[in-house]
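Asker: The structure is given below, and queries will be raised subsequently.
The values are calculated or read from the model by the stated rules, or taken from the named source; none is laboratory data. Computed from a predicted model, the values in this text were never measured in an experiment. Please note: Cβ atoms are built from the backbone with ideal geometry, for glycine as well, and neighbour counts cover all protein chains shown. Remember, those area values only see protein heavy atoms, side chains included, never the ligands or the DNA or RNA. Shrake-Rupley method; radii C 1.70, N 1.55, O 1.52, S 1.80 Å.
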Amino acid sequence: MRTEWKAAAAKPAWTHLWRTLLTGLAVIALASCGGGGSDDEGGSGCVASPAPQITSTPPVTATVGFEYRYFVQATYSCFYLFVPTSCYGFDALRLPAGARVSGGSTVKWTPSANSLNMEAQFEIATEPDICGNRARQSWSVRVYAPPVIQSFVASKTAVIPGESITLTAIFQGSGEIFGLGPITSGIPITTPALNGSTDFTLVVTNSVSARVTRTLTIELDIPPAVMSTNPVNGAMGVPVNHAFYATFNKKMDGATINSATFVLNDFNNNPVNGTVSYFDNTAVFMPATLLAAQTPYSVTITDGVRDLAGNSMAVNYVSRFATSSEPDVTRPQVASTFPPAQSKNISLDAAILVTFNESVDPSSVGSSTFILRDSNQNTVNGTIRVANGWNSAEFMPSTALADSTIYTAIVTTQIKDLAGNTMTTDYSWTFTTGAFGTWQAISTIGAPTRNFHTAVWTGSEMVLWGGSSAGISNTGARYNPSTDAWIPTSTAGAPRERAYHTAIWTGSEMVVWGGSVGGSTNTGGRYNPVTNAWAPTSTTGAPSARENHTAIWTGSEMVIWGGIYHDSGYLNTGARYNPTTDSWRPISTNGAPSTYHNKVVWTGNEMIVWGGFNGSVWLSSGARYNPVADVWTPMAAVGAPPASESYTATWSGSEMIVWGHVDRNTGASSGARYNPVTDAWVPISIVGAPAQATFPQAIWASSEMIVWGGWSGTSARYFPATDTWHPISNIGAPTEFHNLRVWTGSEMIVWGGNTGADLNTGSRYRPQ
């Protein structure tokens, strides 16, 4: 418990009053009066239990311009309104200029440039207990120069497929370009051949691991092209009242799409009269009259059409089709809806989806034809899009829906199919929301500030450890969602500070291993939350030092694989660690992948390693490792997602689900599901999928994959049973980048991250 009551400095009269009160209350054993602290002002006869004590160790380094934080942990007995309670507030006795106490328990300071290379002095003391006892702590902090990025430029900002470029950075500190490795200030580095738009992120750190980043985006300079048409090229039996639709691979200049550049000709090559329109990457030719029956037609879209940058198509696009003898007179109908009619407890962040029995004209679906109303008949604002071959329309509310509210969704008769037939009647249905699918903020009292840390779920608590926090750390904390409270983990016997390490949960212990301690390490430790005690992991037979590796738990062993060591490059080695015997066994490398930043899942009998970077290119390949046989088996490449640096992966119980490749030209993300039994890939639907989520996180939540976070992306829930996506509300959500997350069985907990400074915030998300 924490009390916000703050006692003034103890005085003799105040102490005597408390002694008198406590003497009178002794018959009911309220407490005894304390003493014995390191700053005892209580006088003879005080016996404190426990005496004030500061148990935490302050960081001793700071960086100019970066916030220094020290969460002070201290506990002792005091009284509030005559009731014994636990206190751990403190007073600042001496702080450097600009430093402050935040929240009653955290020292914060952002060193200025004139503090460079100085030893800043700090002194604090606990608040006095009932007898005036205080514990003091003093320390000095060395201030280091900040990492600085002066410039980060590319020889070209747009490339053709297969072209390489050079990147040059001028900076102060140690530099590395993510995916390319270390870089020297002012010395150009050449990229591999680029086959898509690519982000390059420069990370510069100083000697105490403070870091700054800057990202360059190199676009792929490709011409516009027609991606799809309706009717498709070569179609037969097209209704005579059908319009022609063409969808481009990128945004186009609508002014260049007109009757001169979009032409429909009959079999005699005579132009057909009609109107041309353009919206949302799609051009439409609507004939002025019915087409002739059982007649071939050709459509030409010329290279006169241009994208927003002024690029024209490389060649004319030509498509042919033949008409039927009859017009299409079938009216579109609603085939299904989500949420279903009369359904209950619908998420407050749910998207409303209606599926038709045929493709509909996307220009006919908008705010006047797809409507959502609350129980007071107020219209709900939102965005609408047509997807799934134009068979489905999705309404995404702009804000979270109200809890326990009946909503009515309506699609009107103005919606028409591609032949111009409208719905016969309006279609409406109702559903009721419930308090699911919302975010709940987590207490920050006693919470650690973290980025690049690890997190495990014990069954009742989330345990965070290591990572960066005004420098790398060897501290951690346990979060209990039942009490919304944090407890620090012991530092006695803990491994030394680190980041880019791994952690697994064995069922009784958290095992952390490897990472960067200023250089790669092959040490680790085991933490038991019941005893709050650490034990080291053996280094005998351990894998070589590494960071950014992967780790899984088989049920009896921790398997370490891959990673990077700057002096020897990318690793295709690993080992298996048995915590019961504190021993390591090597892993066969015969047929093993050699990658860094790969994705790994455990199936129950195999470790699947997929994708990653081999030192020159990103890969779209992988292998499966069977620890019983110590054998690697290659994975099928047919149907696998394209190579990318930004995937995330999770195990559903029967498939590995890979998601996150971003097409820089369309902004669309993609992924696939891999079945190890059939050694086959199946693509994932992109309808309603999160867009442009670079470096997202994923977690398996009982029956769905939750994709969360990333750079400038959206988040969503994926249901493999139906191959469908549902969005996640951002209302009340934490900052999106570098959150670590755990699944409790009913909630996703995310914590920490970085938005220019490391964070000590997070939230809990409960899906429907």
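Asker: Going by the conditions given, is Thr483 modelled with pLDDT under 90, among the hydroxyl-bearing types (Ser, Thr, Tyr) and surrounded by fewer than 21 Cβ atoms within 10 Å (Cβ to Cβ)? Spell out how you get there, then give the answer.
Answerer: Numbers: modelled with pLDDT under 90: yes; among the hydroxyl-bearing types (Ser, Thr, Tyr): yes; surrounded by fewer than 21 Cβ atoms within 10 Å (Cβ to Cβ): yes.
Answer is yes for this residue.
Asker: How many of the residues in segment 376-393 are hydroxyl-bearing (Ser, Thr, Tyr), over 16 Å from Asp426 (Cβ atoms) and open to solvent by 70 Å² or more (accessible area, probe 1.4 Å)?
Answerer: Kept after step one, since they are hydroxyl-bearing (Ser, Thr, Tyr), are these residues of segment 376-393: 379, 383, 392.
Now drop any that are not over 16 Å from Asp426 (Cβ atoms), which leaves 383, 392.
Filter again for open to solvent by 70 Å² or more (accessible area, probe 1.4 Å), leaving 383.
Summing the residues that are hydroxyl-bearing (Ser, Thr, Tyr), over 16 Å from Asp426 (Cβ atoms) and open to solvent by 70 Å² or more (accessible area, probe 1.4 Å) in segment 376-393 gives 1.
Asker: Would you be able to tell me the number of residues in segment 505-527 that are of a type in the set (Lys, Arg) and closer than 17 Å to His549 by Cβ? Write out each step before concluding.
Answerer: Applying the first criterion (of a type in the set (Lys, Arg)) to segment 505-527 yields 526.
Okay, now just the ones that are also closer than 17 Å to His549 by Cβ, so none.
Counting residues in segment 505-527 that are of a type in the set (Lys, Arg) and closer than 17 Å to His549 by Cβ gives 0.
Asker: Considering only segment 524-550, state which residues are of a type outside the set (Lys, Arg), closer than 27 Å to Thr650 by Cα and open to solvent by 30 Å² or more (accessible area, probe 1.4 Å).
Answerer: Asn528, Ser544, Asn548, listed by residue number.
Asker: What is the one condition in (1) part of a strand (DSSP E or B); (2) more than 39 Å from the chain's Cα centre (by Cα) that Met227 does not satisfy?
Answerer: Condition not satisfied by Met227: (2).
Asker: Mind checking which residues of segment 673-715 are outside any loop (DSSP other than H, G, I, E, B), of a type outside the set (Phe, Trp, Tyr), at pLDDT 75 or above and buried (at least 17 other Cβ atoms within 10 Å of the Cβ)? Write out each step before concluding.
Answerer: Kept after step one, since they are outside any loop (DSSP other than H, G, I, E, B), are these residues of segment 673-715: 673-675, 680-683, 694, 697-701, 704-708, 711.
With the extra rule that they be of a type outside the set (Phe, Trp, Tyr), the set shrinks to 673, 675, 680, 682-683, 694, 697-699, 701, 704-707.
Right, trim to at pLDDT 75 or above and you get 673, 675, 680, 682-683, 697-699, 701, 704-707.
Across segment 673-715, the qualifying residues are Arg673, Gln697, Ala698, Ile699, Ala701, Glu704, Met705, Ile706, Val707.
Asker: I'd like the residue in segment 716-732 that is modelled with pLDDT under 80 and part of a loop (DSSP other than H, G, I, E, B) and, out of all such residues, is nearest to Ser685 (Cα to Cα).
Answerer: Thr722
Asker: Every residue in segment 548-575 that is within 21 Å of Gly179 (Cα to Cα) and not in a loop (DSSP other than H, G, I, E, B), please. Outline the logic, then answer.
Answerer: Pass one, segment 548-575, residues within 21 Å of Gly179 (Cα to Cα): 548-551, 560-574.
Thr550, Ala551, Ile560, Trp561, Ile564, Tyr565, Gly569, Tyr570, Gly574 - these are the residues of segment 548-575 that are within 21 Å of Gly179 (Cα to Cα) and not in a loop (DSSP other than H, G, I, E, B).
Asker: So, of the residues in segment 176-193 that are assigned to a strand (DSSP E or B) and open to solvent by less than 10 Å² (accessible area, probe 1.4 Å), which turns out to be nearest to Pro146 (Cα to Cα)?
Answerer: Going residue by residue through segment 176-193, those that are assigned to a strand (DSSP E or B) are 176-177, 181-183, 189-190.
Filter again for open to solvent by less than 10 Å² (accessible area, probe 1.4 Å), leaving 177, 181.
On the way: Ile177: 18, Gly181: 21 Å.
Only one residue fits best here, namely Ile177.
Asker: Identify all residues within segment 44-79 that are surrounded by 15 or more Cβ atoms within 10 Å (Cβ to Cβ), modelled with pLDDT under 65 and assigned to a loop (DSSP other than H, G, I, E, B); write none if there are none.
Answerer: Across segment 44-79, the qualifying residues are Cys46, Ala48.
Asker: Which of the residues that make up segment 281-303 are in contact with a Pro (Cβ under 7 Å, 6 or more places away or on another chain) and surrounded by fewer than 17 Cβ atoms within 10 Å (Cβ to Cβ)? Can you show your working first?
Answerer: Of the residues in segment 281-303, the ones in contact with a Pro (Cβ under 7 Å, 6 or more places away or on another chain) are 282, 290.
Correct list: Leu290 only.
Asker: While we're looking at this one, here's another question. Ala210 passes all but one of (1) open to solvent by less than 30 Å² (accessible area, probe 1.4 Å); (2) farther than 30 Å from Tyr144 by Cα; which number fails?
Answerer: Just one mismatch for Ala210, condition (2).
Asker: Another question about this same structure. Within segment 122-165, take every residue that is basic (Lys, Arg) and either open to solvent by 50 Å² or more (accessible area, probe 1.4 Å) or farther than 30 Å from Arg94 by Cβ (or both) and give me the one that is modelled with the lowest pLDDT.
Answerer: The initial filter retains those residues of segment 122-165 that are basic (Lys, Arg), namely 134, 136, 142, 156.
Right, trim to either open to solvent by 50 Å² or more (accessible area, probe 1.4 Å) or farther than 30 Å from Arg94 by Cβ (or both) and you get 136, 142, 156.
Working: Arg136: 92, Arg142: 96, Lys156: 87.
Step by step, filter segment 122-165, then rank; the result is Lys156.
Asker: Quick check on Gly611: is it modelled with pLDDT of 85 or more, farther than 30 Å from Gly525 by Cβ and either in contact with a His (Cβ under 9 Å, 6 or more places away or on another chain) or among the aromatic types (Phe, Trp, Tyr) (or both)? Give the derivation first.
Answerer: Numbers: modelled with pLDDT of 85 or more: yes; farther than 30 Å from Gly525 by Cβ: no; either in contact with a His (Cβ under 9 Å, 6 or more places away or on another chain) or among the aromatic types (Phe, Trp, Tyr) (or both): yes.
In short, no.
Asker: Please work out which residue is modelled with the highest pLDDT, limiting yourself to segment 733-746 and to residues that are part of a loop (DSSP other than H, G, I, E, B) and crowded, with 16+ Cβ neighbours inside 10 Å. First the steps, then the outcome.
Answerer: Step one: filter segment 733-746 for residues part of a loop (DSSP other than H, G, I, E, B), giving 733-739, 744-746.
From what is left, the residues that are crowded, with 16+ Cβ neighbours inside 10 Å are 733-739, 744.
Numbers: Ala733: 75, Pro734: 75, Thr735: 64, Glu736: 55, Phe737: 56, His738: 54, Asn739: 60, Thr744: 91.
Within segment 733-746, the match that is modelled with the highest pLDDT is Thr744.
Asker: Among the residues of segment 297-304, is there at least one that is at pLDDT below 95 and either of a type in the set (A, V, I, L, M, F, W, C) or in contact with an Asp or Glu (Cβ under 6 Å, 6 or more places away or on another chain) (or both)?
Answerer: There is no residue in segment 297-304 that is at pLDDT below 95 and either of a type in the set (A, V, I, L, M, F, W, C) or in contact with an Asp or Glu (Cβ under 6 Å, 6 or more places away or on another chain) (or both).
Asker: For Lys108, state whether it is in contact (Cβ under 8 Å) with a residue 40 or more places away in the chain and either crowded, with 19+ Cβ neighbours inside 10 Å or part of a strand (DSSP E or B) (or both).
Answerer: Values: in contact (Cβ under 8 Å) with a residue 40 or more places away in the chain: yes; either crowded, with 19+ Cβ neighbours inside 10 Å or part of a strand (DSSP E or B) (or both): yes.
Judged against the criteria, Lys108 is a match.
Asker: Looking at segment 576-634 only, could you name the residues that are surrounded by 16 or more Cβ atoms within 10 Å (Cβ to Cβ), among the β-branched types (Val, Ile, Thr) and either in a loop (DSSP other than H, G, I, E, B) or more than 22 Å from the chain's Cα centre (by Cα) (or both)?
Answerer: Ile587, Thr595, Thr603
Asker: Mind checking which residues of segment 476-497 are free of Cβ contacts under 8 Å to residues at least 40 places away in the same chain and part of a loop (DSSP other than H, G, I, E, B)?
Answerer: Ser482, Thr483, Arg496, Glu497, listed by residue number.
Asker: Right, another one. Which one of these is farther than 24 Å from Ala409 by Cβ, of a type in the set (S, T, N, Q) and open to solvent by 70 Å² or more (accessible area, probe 1.4 Å): Asn357, Asn316?
Answerer: Numbers: Asn357 fails: farther than 24 Å from Ala409 by Cβ.
The unique qualifying residue is Asn316.
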